[in-house]
1. Express the relative contact order of the chain as a whole percentage, based on alpha carbon pairs under 8 Å and six or more residues apart in sequence.
2. On average, how much accessible surface per residue is there in the chain, in Å², for a 1.4 Å probe, leaving out ligands, DNA and RNA?
3. At 222 nm, what helix-only mean residue ellipticity would the chain give, in deg cm²/dmol to the nearest 500, using -39500 (n - 2.57) for each DSSP H run of four or more?
4. Can you pick out the pairs among K85/K185; K87/K173; K36/K184 whose Cα atoms lie more than 29 Å from each other?
5. Which length gain, in nm to one decimal place, applies between T129 and A88 when the Cα-Cα distance is subtracted from 0.36 nm times their residue separation?
6. What order do you get for 182-191, 39-48 when each peptide is scored by the mean count of other beta carbon atoms within 10 Å, highest first?
7. Could you check the spin-label model distance between N104 and D63? Points 7 Å from the Cα along Cα→Cβ, value in nm.
8. Going down the list K29/K205; K103/K245; K35/K120; K177/K205; K117/K205; K35/K99, which pairs span over 22 Å between their C-alpha atoms?
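The values are calculated or read from the model by the stated rules, or taken from the named source; none is laboratory data. Given the structure is predicted, the values throughout are model-derived calculations rather than measurements. Cβ placement follows ideal geometry from the backbone for every residue including glycine, while neighbour counts extend to all protein chains displayed. Just the protein is used for accessible areas: all its heavy atoms, side chains included, with ligands, DNA and RNA removed. Shrake-Rupley method; radii C 1.70, N 1.55, O 1.52, S 1.80 Å.
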Amino acid sequence: MKYLVLALLLLIPVQAYCGTIDPSVSDAKYVEYGKKYECVLPIVGVMGDSMNSQFRASCVVIDEYHILTAAHIVADTITQHVLYKNKAYPCYLVAIHAKYDPKNIGYNDIAVARLQKPIKLDFYPELYTDTDEVDKVCGLSGWGHHGNFNSGWISKYDNTRRAGSNIIDGVDKNILKYSVHTSKKTELEFLICPGDSGGGLFIDKKLAGIHSYIYATDGKSDSDYGDVGCSTRVSDYIEWIDETKKIIQTIMEQDNAR
């Protein structure tokens, strides 16, 4: 078995395809559906390693000043910028869940960031608070690699957000799991890929998950048939998100008072 964490380390400027799709469905439909997820944006920045590597992944804007993303994306970074309409919105402060452990892939893989300046959108998603996700149809969106269920993901880029749908198969601790279905499947069946980390899983237009990793039993996590997408369950972190936003606000006010 093999895990693949979805953050993608690349040199900037970069562009990224996202998600594997049903090979029998036109890619244009996934691109068009992706336009409905304006709140899912790219996040880029510099890693804190000896080479100052640069990264690009995904995030979800939950109000004009805050984003949610995966902890493994931003845990070891120096700078973070959200990209929107050819502008970079730097993060003022990033907070990673205290129980996040990179050695325990997926669990508590969530972070909140406060932006230095607001991103004005027509729609910000509510957070999903129920625990009835299993068997529900969900929307998935991100800015990662792209391919189809036959070939798996490929390393080509076009800086285009895509989105598709899936059905939640189950919950493991704080992880929502979904796979490629061949019988009972959605119209735009979709699976996350590298670079989609931090992107969103939506149920009834509410943010229910943050993309974390791909799990494969065949040793090749390429987002094809048999692989499982895993997203952090947002409903388990509602109180943490609210409290963290308040703490960040207090820190910002203290900084401004100095």
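1. 27
2. Working: 11660 Å² over 258 residues.
Here the residues of the chain average 45 Å² of exposed surface.
3. -3500 deg cm²/dmol
4. On the way: K85/K185 34 Å; K87/K173 37 Å; K36/K184 24 Å.
Checking Cα-Cα distances, K85/K185; K87/K173 exceed 29 Å.
5. Gain on extension, T129 to A88, equals 11.7 nm.
6. For the peptides 182-191, 39-48, the packing ranking is 39-48, 182-191.
7. Inter-label distance under the simple model: 2.9 nm.
8. K103/K245; K117/K205; K35/K99
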